[in-house]
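The values are calculated or read from the model by the stated rules, or taken from the named source; none is laboratory data. Every value quoted in this text rests on a predicted model; they were computed, and no experiment measured them. Counting neighbours? That spans all protein chains shown, and the Cβs are built from the backbone with ideal geometry, glycine included. Surface accessibility is based on the protein's heavy atoms, side chains included, excluding ligands, DNA and RNA. Shrake-Rupley method; radii C 1.70, N 1.55, O 1.52, S 1.80 Å.
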Amino acid sequence: MDIDEQHVAEPGLAVLDVTAADEETVRSVMEGLQQLWATSGVTPVWRVPGEAGVRARVYADVRRHPDDT
């Protein structure tokens, strides 16, 4: 999966690919990241045929806490 340049265009922006054994774990990780930083939120989860686990992608701005206005 390609990463759009706008999501990493400046310091503090990150793209995180999360892989876990099950969807519940991936969703828990995404929810935890939302507590730390401004993120894209819980995103769709997918499987790659022939590979173990499920995956999700999260876009984060690590300069901002989710409570920042």
With a 1.4 Å probe and all protein chains kept in place, how much accessible area does E10 have, in Å² rounded to the nearest 10? 90
Relative contact order of the range 20-69 (C-alpha contacts under 8 Å, at least 6 apart) in percent is 42
Could you compute the net charge surrounding V45? Neighbours are other residues with a C-beta less than 13 Å from the C-beta of V45; K and R count +1, D and E count -1. -1
Mind checking the angle between helix 23-36 and the chain's longest principal axis? C-alpha axes, 0 to 90 degrees, to the nearest 10. 10
How large is the Kirkwood hydrodynamic radius of the chain, counting all unique pairs of alpha carbons, in Å? 12.7
